[in-house]
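Enquirer: Just passing along the structure, written as C-alpha coordinates.
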Amino acid sequence: MRSFLRAHLGSPQVARVVYGAIIGLALVVALEAHPPAPHAVIATLLGTTVAVALAELYSELIGFETIRRRKAGGDEMRQLYADVAAVSFGIAFPAVFFVLAAVDVIADDAAFTIAKWAGLGLIGLYGFAGARLSGAGLRTSMIQATAVALIGAALIGLKAVVH
(Lines give C-alpha, C1' and ligand atoms only; values in the text may rest on other atoms or scores of the structure.)
Protein backbone atom coordinates (compact mmCIF):
# COMPACT_ATOMS: atom_id res chain seq x y z
CA MET A 1 0.00 0.00 0.00
CA ARG A 2 2.81 2.38 0.87
CA SER A 3 4.54 1.87 -2.50
CA PHE A 4 1.21 2.42 -4.31
CA LEU A 5 0.65 5.66 -2.39
CA ARG A 6 4.19 6.86 -3.09
CA ALA A 7 3.81 6.05 -6.80
CA HIS A 8 0.39 7.73 -6.93
CA LEU A 9 1.63 10.90 -5.24
CA GLY A 10 4.42 11.09 -7.80
CA SER A 11 2.07 10.76 -10.75
CA PRO A 12 0.12 13.25 -12.85
CA GLN A 13 -3.07 11.60 -11.62
CA VAL A 14 -2.90 13.59 -8.38
CA ALA A 15 -4.12 16.70 -10.18
CA ARG A 16 -6.89 14.68 -11.84
CA VAL A 17 -8.17 13.26 -8.54
CA VAL A 18 -8.31 16.77 -7.05
CA TYR A 19 -10.12 18.06 -10.14
CA GLY A 20 -12.64 15.21 -9.90
CA ALA A 21 -13.07 15.67 -6.15
CA ILE A 22 -13.98 19.33 -6.68
CA ILE A 23 -16.60 18.31 -9.26
CA GLY A 24 -17.98 15.64 -6.93
CA LEU A 25 -18.11 18.06 -4.02
CA ALA A 26 -19.87 20.70 -6.12
CA LEU A 27 -22.45 18.14 -7.20
CA VAL A 28 -23.11 16.95 -3.64
CA VAL A 29 -23.48 20.53 -2.43
CA ALA A 30 -25.89 21.34 -5.27
CA LEU A 31 -27.99 18.22 -4.68
CA GLU A 32 -28.24 18.87 -0.96
CA ALA A 33 -30.43 21.93 -1.53
CA HIS A 34 -33.33 19.63 -2.50
CA PRO A 35 -31.99 16.23 -1.48
CA PRO A 36 -33.10 13.32 -3.61
CA ALA A 37 -33.10 9.73 -2.39
CA PRO A 38 -29.65 8.13 -1.97
CA HIS A 39 -30.05 5.99 -5.09
CA ALA A 40 -30.73 9.13 -7.15
CA VAL A 41 -27.58 10.78 -5.74
CA ILE A 42 -25.57 7.66 -6.59
CA ALA A 43 -26.97 7.64 -10.13
CA THR A 44 -26.25 11.36 -10.53
CA LEU A 45 -22.67 11.01 -9.28
CA LEU A 46 -22.00 7.97 -11.46
CA GLY A 47 -23.70 9.51 -14.48
CA THR A 48 -21.60 12.66 -14.04
CA THR A 49 -18.52 10.48 -13.65
CA VAL A 50 -19.19 8.78 -16.98
CA ALA A 51 -19.99 12.06 -18.77
CA VAL A 52 -16.88 13.83 -17.47
CA ALA A 53 -14.70 10.77 -18.11
CA LEU A 54 -15.83 10.57 -21.72
CA ALA A 55 -15.41 14.33 -22.17
CA GLU A 56 -11.95 14.14 -20.61
CA LEU A 57 -10.90 11.23 -22.82
CA TYR A 58 -12.28 12.77 -25.98
CA SER A 59 -10.82 16.22 -25.36
CA GLU A 60 -7.41 14.80 -24.45
CA LEU A 61 -7.39 12.62 -27.57
CA ILE A 62 -8.33 15.56 -29.79
CA GLY A 63 -5.66 17.68 -28.11
CA PHE A 64 -3.07 14.95 -28.55
CA GLU A 65 -3.87 14.46 -32.21
CA THR A 66 -3.91 18.16 -33.07
CA ILE A 67 -0.67 18.92 -31.24
CA ARG A 68 1.30 15.84 -32.32
CA ARG A 69 -0.38 15.31 -35.70
CA ARG A 70 -0.78 11.57 -35.09
CA LYS A 71 -2.91 9.03 -33.24
CA ALA A 72 -2.04 8.13 -29.65
CA GLY A 73 -0.11 4.89 -29.24
CA GLY A 74 -0.51 2.17 -26.61
CA ASP A 75 1.57 3.83 -23.87
CA GLU A 76 -0.09 7.18 -24.49
CA MET A 77 -3.54 5.62 -24.36
CA ARG A 78 -2.67 3.90 -21.06
CA GLN A 79 -1.67 7.30 -19.66
CA LEU A 80 -4.93 8.83 -20.88
CA TYR A 81 -6.93 5.99 -19.31
CA ALA A 82 -5.06 6.47 -16.02
CA ASP A 83 -5.89 10.18 -16.10
CA VAL A 84 -9.56 9.46 -16.82
CA ALA A 85 -9.68 6.88 -14.02
CA ALA A 86 -8.23 9.40 -11.57
CA VAL A 87 -10.83 12.06 -12.46
CA SER A 88 -13.53 9.40 -12.25
CA PHE A 89 -12.39 8.35 -8.79
CA GLY A 90 -12.50 11.92 -7.55
CA ILE A 91 -16.04 12.49 -8.85
CA ALA A 92 -17.45 9.11 -7.75
CA PHE A 93 -15.77 9.16 -4.31
CA PRO A 94 -18.81 10.60 -2.47
CA ALA A 95 -21.08 7.86 -3.87
CA VAL A 96 -19.73 5.50 -1.19
CA PHE A 97 -21.56 7.45 1.50
CA PHE A 98 -24.83 7.37 -0.42
CA VAL A 99 -24.52 3.61 -0.90
CA LEU A 100 -24.28 3.38 2.90
CA ALA A 101 -27.40 5.55 3.18
CA ALA A 102 -29.22 3.46 0.56
CA VAL A 103 -28.67 0.31 2.63
CA ASP A 104 -29.64 2.14 5.86
CA VAL A 105 -26.20 2.08 7.47
CA ILE A 106 -26.28 5.87 7.85
CA ALA A 107 -29.05 8.47 7.51
CA ASP A 108 -29.52 10.33 4.23
CA ASP A 109 -28.61 13.71 5.74
CA ALA A 110 -25.51 12.15 7.33
CA ALA A 111 -24.44 10.93 3.88
CA PHE A 112 -24.54 14.52 2.60
CA THR A 113 -22.62 15.82 5.60
CA ILE A 114 -19.97 13.10 5.48
CA ALA A 115 -19.63 13.34 1.69
CA LYS A 116 -19.06 17.10 1.86
CA TRP A 117 -16.48 16.97 4.62
CA ALA A 118 -14.73 13.89 3.24
CA GLY A 119 -14.42 15.63 -0.13
CA LEU A 120 -13.07 18.71 1.58
CA GLY A 121 -10.64 16.53 3.53
CA LEU A 122 -9.50 14.74 0.38
CA ILE A 123 -8.78 18.03 -1.37
CA GLY A 124 -6.91 19.34 1.68
CA LEU A 125 -4.93 16.12 2.08
CA TYR A 126 -3.71 16.33 -1.49
CA GLY A 127 -2.76 19.97 -0.92
CA PHE A 128 -0.77 18.97 2.15
CA ALA A 129 0.92 16.04 0.38
CA GLY A 130 1.81 18.22 -2.60
CA ALA A 131 3.46 20.82 -0.39
CA ARG A 132 5.37 18.26 1.69
CA LEU A 133 6.59 16.38 -1.36
CA SER A 134 7.82 19.62 -2.91
CA GLY A 135 10.01 20.18 0.15
CA ALA A 136 7.83 22.61 2.10
CA GLY A 137 7.90 22.55 5.87
CA LEU A 138 5.03 21.43 8.05
CA ARG A 139 3.66 24.95 8.59
CA THR A 140 3.76 25.86 4.90
CA SER A 141 2.17 22.51 4.01
CA MET A 142 -0.65 23.13 6.47
CA ILE A 143 -1.21 26.59 4.98
CA GLN A 144 -1.34 25.13 1.46
CA ALA A 145 -3.72 22.38 2.56
CA THR A 146 -5.95 24.97 4.19
CA ALA A 147 -5.85 27.20 1.11
CA VAL A 148 -6.94 24.46 -1.27
CA ALA A 149 -9.52 23.18 1.19
CA LEU A 150 -10.99 26.69 1.19
CA ILE A 151 -12.06 26.02 -2.42
CA GLY A 152 -14.39 23.32 -1.15
CA ALA A 153 -15.36 25.37 1.89
CA ALA A 154 -16.34 28.23 -0.44
CA LEU A 155 -18.71 25.86 -2.27
CA ILE A 156 -20.24 24.74 1.01
CA GLY A 157 -20.45 28.34 2.25
CA LEU A 158 -22.04 29.55 -0.97
CA LYS A 159 -24.74 26.92 -0.66
CA ALA A 160 -25.40 27.99 2.94
CA VAL A 161 -25.75 31.64 1.91
CA VAL A 162 -27.94 30.94 -1.14
CA HIS A 163 -30.32 28.55 0.64
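Enquirer: Taking the stretch 58-74 as the search range and keeping residues that are among the small types (Gly, Ala, Ser) and in a loop (DSSP other than H, G, I, E, B), which one is surrounded by the most Cβ atoms within 10 Å (Cβ to Cβ)?
Expert: Initially, the stretch 58-74 is screened for residues among the small types (Gly, Ala, Ser), giving 59, 63, 72-74.
If we keep only those that are in a loop (DSSP other than H, G, I, E, B) too, we end up with 72-73.
Details: ALA72: 15, GLY73: 9.
Going through the qualifying residues, I end up with ALA72.
Enquirer: Right, next: Can you pull out the residues in the stretch 90-111 that are over 17 Å from GLY20 (Cβ atoms) and either touching a Leu at 6+ places or on another chain (Cβ under 8 Å) or acidic (Asp, Glu) (or both)?
Expert: Our first condition is that a residue be over 17 Å from GLY20 (Cβ atoms); within the stretch 90-111, this holds for 99-111.
Hits for the stretch 90-111 are ASP104, ILE106, ASP108, ASP109, ALA111.
Enquirer: Could I ask something else about it? For LEU150, all conditions in the list (1) at pLDDT below 90; (2) surrounded by 20 or more Cβ atoms within 10 Å (Cβ to Cβ) hold save one; what is the number of the exception?
Expert: So the condition that LEU150 fails would be (2).
Enquirer: Looking only at the stretch 42-57, decide whether some residue is surrounded by 12 or more Cβ atoms within 10 Å (Cβ to Cβ), within 25 Å of GLY157 (Cα to Cα) and in contact with an Asp or Glu (Cβ under 9 Å, 6 or more places away or on another chain).
Expert: Within the stretch 42-57, none of the residues are surrounded by 12 or more Cβ atoms within 10 Å (Cβ to Cβ), within 25 Å of GLY157 (Cα to Cα) and in contact with an Asp or Glu (Cβ under 9 Å, 6 or more places away or on another chain).
Enquirer: Could you please give the count of residues in the stretch 9-44 that are part of a helix (DSSP H, G or I), farther than 29 Å from ALA131 by Cα and either touching a Phe, Trp or Tyr at 6+ places or on another chain (Cβ under 7 Å) or of a type in the set (Gly, Ala, Ser) (or both)?
Expert: Going residue by residue through the stretch 9-44, those that are part of a helix (DSSP H, G or I) are 9, 13-32, 38-44.
Okay, now just the ones that are also farther than 29 Å from ALA131 by Cα, so 30-32, 38-44.
Then keep just the ones that are either touching a Phe, Trp or Tyr at 6+ places or on another chain (Cβ under 7 Å) or of a type in the set (Gly, Ala, Ser) (or both); that gives 30, 32, 38, 40-43.
So the answer is 7.
Enquirer: Need pairs with beta-carbon distance below 9 Å; first residue modelled with pLDDT under 95 and of a type in the set (A, V, I, L, M, F, W, C) and within the stretch 34-55, second in a helix (DSSP H, G or I) and loosely packed, with under 13 Cβ neighbours inside 10 Å; sequence gap 6+ or separate chains.
Expert: Sorted first by the residue in the stretch 34-55, then by its partner, the list stays empty.
Enquirer: Let me ask you something else. In the stretch 75-102, which residue that is more than 22 Å from PRO35 (Cα to Cα) and among the aromatic types (Phe, Trp, Tyr) is surrounded by the fewest Cβ atoms within 10 Å (Cβ to Cβ)? Walk me through how you get there before you give the answer.
Expert: Of the stretch 75-102, the ones more than 22 Å from PRO35 (Cα to Cα) are 75-89.
Filter again for among the aromatic types (Phe, Trp, Tyr), leaving 81, 89.
On the way: TYR81: 12, PHE89: 17.
Top of the filtered list is TYR81.
Enquirer: Same structure again: For the subset of the stretch 2-29 comprising residues that are surrounded by fewer than 14 Cβ atoms within 10 Å (Cβ to Cβ) and in contact (Cβ under 8 Å) with a residue 12 or more places away in the chain, which member is farthest from the chain's Cα centre (by Cα)?
Expert: GLY10
Enquirer: Between residues in the stretch 101-128 that are part of a loop (DSSP other than H, G, I, E, B) and residues that are surrounded by 14 or more Cβ atoms within 10 Å (Cβ to Cβ), which pairs lie under 6 Å by C-beta distance while being six or more apart or on different chains?
Expert: Close Cβ pairs satisfying both conditions: ILE106/LEU100.
Enquirer: Among the residues of the stretch 82-100, write down those that are outside any helix (DSSP H, G or I) and in contact with a Lys or Arg (Cβ under 9 Å, 6 or more places away or on another chain).
Expert: So in the stretch 82-100, the residues outside any helix (DSSP H, G or I) come out as 93-94.
The one that is outside any helix (DSSP H, G or I) and in contact with a Lys or Arg (Cβ under 9 Å, 6 or more places away or on another chain): PRO94.
Enquirer: Could you please let me know if LEU100 is under 21 Å from GLY152 (Cβ atoms) and of a type outside the set (S, T, N, Q)?
Expert: Details: under 21 Å from GLY152 (Cβ atoms): yes; of a type outside the set (S, T, N, Q): yes.
So LEU100 passes the test.
The values are calculated or read from the model by the stated rules, or taken from the named source; none is laboratory data. The structure presented is a predicted model; accordingly, all values stated were derived computationally and were not measured. Note that we place each Cβ from the backbone using ideal geometry, even for glycine, and neighbour counts take in every protein chain shown.
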